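Report on the following structure.
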Amino acid sequence: MPFLSFLLLFPLVGALIIACIPSWKVRAIKIIALCISLINFVVASGLWIVFDNSTAKFQFVEHIGWLPFFNMNAYIGIDGISLFFIVLTTFLVPVCLLVGWVNISKHVKEYCLAFLILETCMLAVFCMLDLLLFYVFFESVLLPMFLIIGVWGSRARKIRAAYQFFLYTLVGSVLMLLAILLIYFQVGTTDLQVLLVSEFSERRQLLLWLAFFASFAVKVPMVPLHIWLPEAHVEAPTAGSVILAGILLKLGTYGFLRFSIPLFPEASLYFTPLIYTMSIIGIVYASLTTLRQIDLKKIIAYSSVAHMGFVTIGLFSLNVQGVEGAILLMLSHGFVASALFLCVGTLYDRTHTRLIQYYGGLVHIMPLFSFFFLVFTMGNLSLPGTSSFVGEFLILVGTFQTNTWIATLAATGMILGGAYSIWLYNRVVFGNLKPLYISMGSDVNRREFWIFVPFVLAILWMGFYPQVFLDPMHVSVSNVIQHGAYIS
Amino acid sequence: MAGPRIPTDVKPNKFVEANGYAREVVENTFRFSLKNLGKFAIFGIAVPVLIYKGCVQEFHVADSKYGRPAKKFAMDGN
């Protein structure tokens, strides 16, 4: 059964069906888009169930002759590393459609089309086993995202933010394209499975690693290449922020893990202190910047930069604990940050402001919202029992084995994370209401309630029983580490 | 849960709005000064260099402790 082809093509088929429906049939468009994304989620969950944990080989592999004369073929397949990103992607897309159910009133058809096409592109990035096609889909994600920010963004600065997002990521990626060409002319193919058994000279590895780094570091984003992220988050609609935080940031770290680390092992070791330094700067500076922000979305955006710093440290600890912790933290961040953006969206829908000075005492009028916000805030500060704690703990364990100095500095990020998360919650939820600015508010409605519930369950499930998530990735991660001969 | 949706648009305060706007258009309000440059030298150069050197040093100490040949790193003077 071609599961992956189905996953990739089904949203496109859905997009074609929706394109044929007249724009005024808004309800039918929304329901079809939601059903398609939900079916995709069910299929992706099925992949997780039938996934064989005992092998590092790519599974559900399919092959489509793309440019056979040039030895370029579309191989798709997944292993324990990409499995959960596929599940996460298919989980978040229906959420995005539900978030815009009421609030998106203009260009609804195009909104649904953009998310379905974006889903295909994101899934293709995680499935693709060909370097060139990976690049194609890695870049193709930009276009629907550019439109989502530019068309459905909230304020006047949205066009500027959309351009900034597009240009930053595109400029970084040009170097990667050159690197792929260099690889193609050396090896004669861009098939990942062939490249994994090819060897590059140390000098060439350094060059290629830097070119890949330029692309992935912008996407992660690593400080100081992060400027586009807060701007894009602030201007994007809630669903756009959910996808940005939940999936797009992971494309960079996934790229490091899938390509940079196994293909260029010597260069990865050579540049490890550089990655560590940029990550520590990212963790500490972004956390301190978070404390200074007054826009709710910017607070979560900067905290995302700090969390992604943790992820890159874990990846480049180059041991099993660190890498597994990094993957777990990526998944956790996909749930926690997305849920926090949903919370901000819930507030924004009611008050049309994100400035924190206007908020206070929401627990008096929105108790259910305050509960959900509490769970997600605790997830953000990595409270034991939540998903982020497991990821950050494993990262610190892995990093401590390789470099205690970096592990110690990274641990300060957990303290700063606690500081900005609790302070954020305190300012928004506790204290007195500010009737001078915000008079009354309704608590979460039924749609919002059922959007929040799966996030709470996922965060607690990953926090209390992470083994379910670690088992499928363990063999694949060990294989990446052994392949690069990183065990010393 | 649920209940009627009550429109509760914020009643804007001009000082809060002005503060929010000023912080947003940093590209227009930022001016280079000696104080800025000094901060950049400390937080943009000195601190990262310190972290980097500490990190490399730690790797070299571990290599010598376990009798391994010293690893080569980017921008490493050794």
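Computed quantities for the displayed model
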read-out	value
Scope segment A:412-435; condition without any contact (Cβ under 8 Å) to a residue 60 or more places away in the chain and either within 14 Å of chain B (Cβ to nearest Cβ) or touching an Asp or Glu at 6+ places or on another chain (Cβ under 7 Å) (or both); matching residues	A:414, A:435
Meets criteria (surrounded by fewer than 23 Cβ atoms within 10 Å (Cβ to Cβ), modelled with pLDDT of 95 or more and under 19 Å from residue A:290 (Cα atoms)) for residue A:374	yes
Residue among A:248, A:274, A:269 that is without any contact (Cβ under 8 Å) to a residue 24 or more places away in the chain and surrounded by fewer than 24 Cβ atoms within 10 Å (Cβ to Cβ)	A:274
Which listed residue, of A:312, A:346, is at pLDDT 95 or above and within 14 Å of chain B (Cβ to nearest Cβ)	A:312
Residues of segment A:238-270 satisfying the condition of being farther than 20 Å from residue A:206 by Cβ and of a type in the set (A, V, I, L, M)	A:239, A:242, A:243, A:244, A:245, A:247, A:248, A:249, A:251
Residues being in contact with a helix residue (DSSP H, G or I) (Cβ under 8 Å, 6 or more places away or on another chain) and among the aliphatic types (A, V, I, L, M) - total across segment A:448-459	4
Residue that is farthest from residue A:191 (Cα to Cα), among those in segment A:136-152 that are within 17 Å of the chain's Cα centre (by Cα) and aromatic (Phe, Trp, Tyr)	A:146
Residue within segment B:20-42 that is in contact with a Leu (Cβ under 8 Å, 6 or more places away or on another chain), closer than 21 Å to residue A:353 by Cα, facing chain A (nearest Cβ under 10 Å) and at pLDDT below 90 present	yes
Members of segment A:441-458 found to be β-branched (Val, Ile, Thr) and within 14 Å of another protein chain (Cβ to nearest Cβ), listed by number	A:444, A:451, A:453
Condition met for residue A:438 (within 14 Å of chain B (Cβ to nearest Cβ), modelled with pLDDT of 90 or more and buried (at least 17 other Cβ atoms within 10 Å of the Cβ))	no
Out of A:33, A:19, A:44, sole residue that is in a helix (DSSP H, G or I) and more than 26 Å from the chain's Cα centre (by Cα)	A:19
Total residues in segment A:360-396, condition aromatic (Phe, Trp, Tyr) and closer than 15 Å to residue A:411 by Cβ	2
Close pairs (7 angstrom Cβ cut-off, 6 or more residues apart or separate chains): acidic (Asp, Glu) in segment A:59-70, not in a strand (DSSP E or B) anywhere	A:62/A:2; A:62/A:4; A:62/A:5
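Listed here are the residues, each with its yes/no results for (1) more than 13 Å from chain B (Cβ to nearest Cβ); (2) over 30 Å from residue A:198 (Cα atoms); (3) surrounded by fewer than 24 Cβ atoms within 10 Å (Cβ to Cβ).
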residue: A:242; (1), (2), (3): yes, yes, no
residue: A:258; (1), (2), (3): yes, no, yes
residue: A:262; (1), (2), (3): yes, no, yes
residue: A:265; (1), (2), (3): no, no, yes
residue: A:281; (1), (2), (3): no, yes, yes
residue: A:285; (1), (2), (3): no, yes, yes
residue: A:288; (1), (2), (3): no, yes, yes
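The values are calculated or read from the model by the stated rules, or taken from the named source; none is laboratory data. The structure displayed is predicted, hence computed values, not measured ones. A quick note on method: Cβ atoms are made from the backbone with ideal geometry, for glycine too, and the neighbour counts reach across all protein chains shown.
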